[in-house]
């Protein structure tokens with residue numbers, strides 16, 4: 001995660017008002033606003049593949065996929081507070097009625113699935129603070145998926161019926177990850193279609 005734009009603390013209400021007028025995307029964490037870094041072509045290709053794979057499999061179901069321009073709130077409903085996380089996951093799935101943070105309907109509060117494509121600048125945040133906030137504040141979340149952009153690897157946290165989270169990892173290109181609650185399967189060969197990994201790029205350059 002990048003450094004905050006300033007050391008001035010702002011409220012959730014102030015952040016959302018600014019974000020509605022901004023041409024750039026910014027995340028919010030406990031009163032600080034963080035500008036989101038641009039993505040490299042590999043990250044973009046993986047995101048595009050995931051959006052196509054998931055949205056196609058959800059056709060005709062009660063679930064709907066949203067791309068990386070959709071904000072998610074992970075925190076209390078307190079507009080004047082400075083506590084909470086507002087993030088832009090790479091892919092969000094909502095099943096049933098979509099519930100929003102406020103009237104402008106720019107922020108979703110009931111995701112079923114969140115998928116993040118890891119990058120060097122955001123991986124620690126995605127694995128740490130962000131994942132903790134998701135667990136704590138998103139009772140509707142059933143699947144949290146982290147997709148590597150540097151190797152064929154997908155990590156999957158799924159919420160069991162007793163509320164506990166089960167972790168699994170697949171790192172073979174022939175493998176797949178199943179999101180059972182939404183009837184969706186992520187085949188690594190499809191997720192990484194046309195993606196060239198860093199070590200192969202170096203060999204090509206040489």
Of everything in region 161-193, what is touching a residue at least 24 places away in the same chain (Cβ under 8 Å), touching a helix residue (DSSP H, G or I) at 6+ places or on another chain (Cβ under 6 Å) and surrounded by 15 or more Cβ atoms within 10 Å (Cβ to Cβ)? Give them in sequence order. 184, 191
All positions within region 85-130 that are over 18 Å from residue 178 (Cα atoms) and in a strand (DSSP E or B): 85, 86, 87, 100, 107, 108
Conditions (1) under 24 Å from residue 118 (Cα atoms); (2) at pLDDT below 95; (3) part of a helix (DSSP H, G or I); number of the one not met by residue 2: (3)
In region 90-125, residue surrounded by the fewest Cβ atoms within 10 Å (Cβ to Cβ) [restricted to those that are modelled with pLDDT under 95, closer than 24 Å to residue 42 by Cβ and out of contact with any helix residue (DSSP H, G or I) (no Cβ under 8 Å at 6 or more places or on another chain)]: 120
Residue that is farthest from residue 106 (Cα to Cα) [pool: residues in region 26-41 that are in contact with a helix residue (DSSP H, G or I) (Cβ under 8 Å, 6 or more places away or on another chain) and in contact (Cβ under 8 Å) with a residue 24 or more places away in the chain]: 39
Residue 158 - would you say it is within 24 Å of residue 48 (Cβ to Cβ) and surrounded by 14 or more Cβ atoms within 10 Å (Cβ to Cβ)? no
Unique residue being outside any loop (DSSP other than H, G, I, E, B) and surrounded by 14 or more Cβ atoms within 10 Å (Cβ to Cβ) when the list is 20, 42: 42
Residue that is nearest to the chain's Cα centre (by Cα) [pool: residues in region 131-155 that are crowded, with 19+ Cβ neighbours inside 10 Å and under 16 Å from residue 84 (Cβ atoms)]: 134
How many residues does region 53-78 contain that are surrounded by 13 or more Cβ atoms within 10 Å (Cβ to Cβ) and either in a loop (DSSP other than H, G, I, E, B) or touching a residue at least 24 places away in the same chain (Cβ under 8 Å) (or both)? 16
Specify which of the listed residues (84, 128) is surrounded by 17 or more Cβ atoms within 10 Å (Cβ to Cβ) and under 16 Å from residue 28 (Cα atoms). 84
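The values are calculated or read from the model by the stated rules, or taken from the named source; none is laboratory data. This is a predicted model, so every value here is computed, not measured. Neighbour counts are summed over all protein chains in view; Cβ atoms, including those assigned to glycine, are modelled from backbone coordinates with ideal geometry.
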